[in-house]
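Notes to accompany the following structure.
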Amino acid sequence: QVQLVESGGGLVQAGGSLRLSCAASGLSFSSYTMGWFRQAPGKEREFVAAIRWSGGTTYYADSVKGRFTISKDNAKNTVYLQMNSLQLEDTAVYYCAVGGPRTLPVNYRLYNYWGQGTQVTVSS
């Protein structure tokens, strides 16, 4: 059974930083795509960043490029999202997700497994 457990969310002032973690277990395939998405109240879930487990290719939404960094720890089966220069509009519930090795990174409908989400609130 695949489980994704996110942590690291919280309340931060604008301009601050947070690091989210997503620990994966139960994955039965050796290569996959891990992504971060977010959803603000009343809005659709949107792509934030993704990483190919094999090769480490990364993808970012334009809105976070240069501010957020996705990385992985193979030994821990964990993916991280380092978020710097946080802005009010980054406030949302952040979810990690796992898809196949060739999953189109930006399309949340193509991911197979999801974490429970972690709240990130940026205050002024």
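The values are calculated or read from the model by the stated rules, or taken from the named source; none is laboratory data. None of these values were measured; they are calculated from a predicted model. Neighbour counts run over all protein chains shown; Cβ positions are idealised from the backbone, glycine included. Heavy atoms of the whole protein, side chains included, go into the accessibility calculation; ligands, DNA and RNA do not. Shrake-Rupley method; radii C 1.70, N 1.55, O 1.52, S 1.80 Å.
Just a few scattered comments:
- Hey, R109 on the phi < 0 side of the Ramachandran plot and modelled with pLDDT of 95 or more or not: no
- Qualifying residue in region 58-71 (condition: among the basic types (K, R) and not in a loop (DSSP other than H, G, I, E, B)): no
- Selection count where residues are open to solvent by 60 Å² or more (accessible area, probe 1.4 Å) and either assigned to a loop (DSSP other than H, G, I, E, B) or acidic (D, E) (or both), scope region 18-44: 7
- Selection of region 82-124 for residues being closer than 18 Å to S25 by Cβ, in contact with a Phe, Trp or Tyr (Cβ under 6 Å, 6 or more places away or on another chain), open to solvent by 40 Å² or more (accessible area, probe 1.4 Å) and in a loop (DSSP other than H, G, I, E, B) yields an empty set.
- Just so you know, in region 53-76 the residues that are open to solvent by less than 40 Å² (accessible area, probe 1.4 Å), touching a residue at least 24 places away in the same chain (Cβ under 8 Å) and touching a Ser or Thr at 6+ places or on another chain (Cβ under 8 Å) include one that is farthest from G9 (Cα to Cα), and it is W53.
- Region 38-73 - residue that is over 12 Å from the mean Cα position of the chain (by Cα) and hydroxyl-bearing (S, T, Y) and, of those, nearest to G99 (Cα to Cα): S54
- Figure legend. Inter-residue proximity from region 93-113: first residues among the aliphatic types (A, V, I, L, M), second residues open to solvent by less than 10 Å² (accessible area, probe 1.4 Å) and assigned to a strand (DSSP E or B), beta-carbon distance below 6 Å, spacing 6+ or different chains. Indicated pairs: A97/G35; V98/M34; L110/G99.
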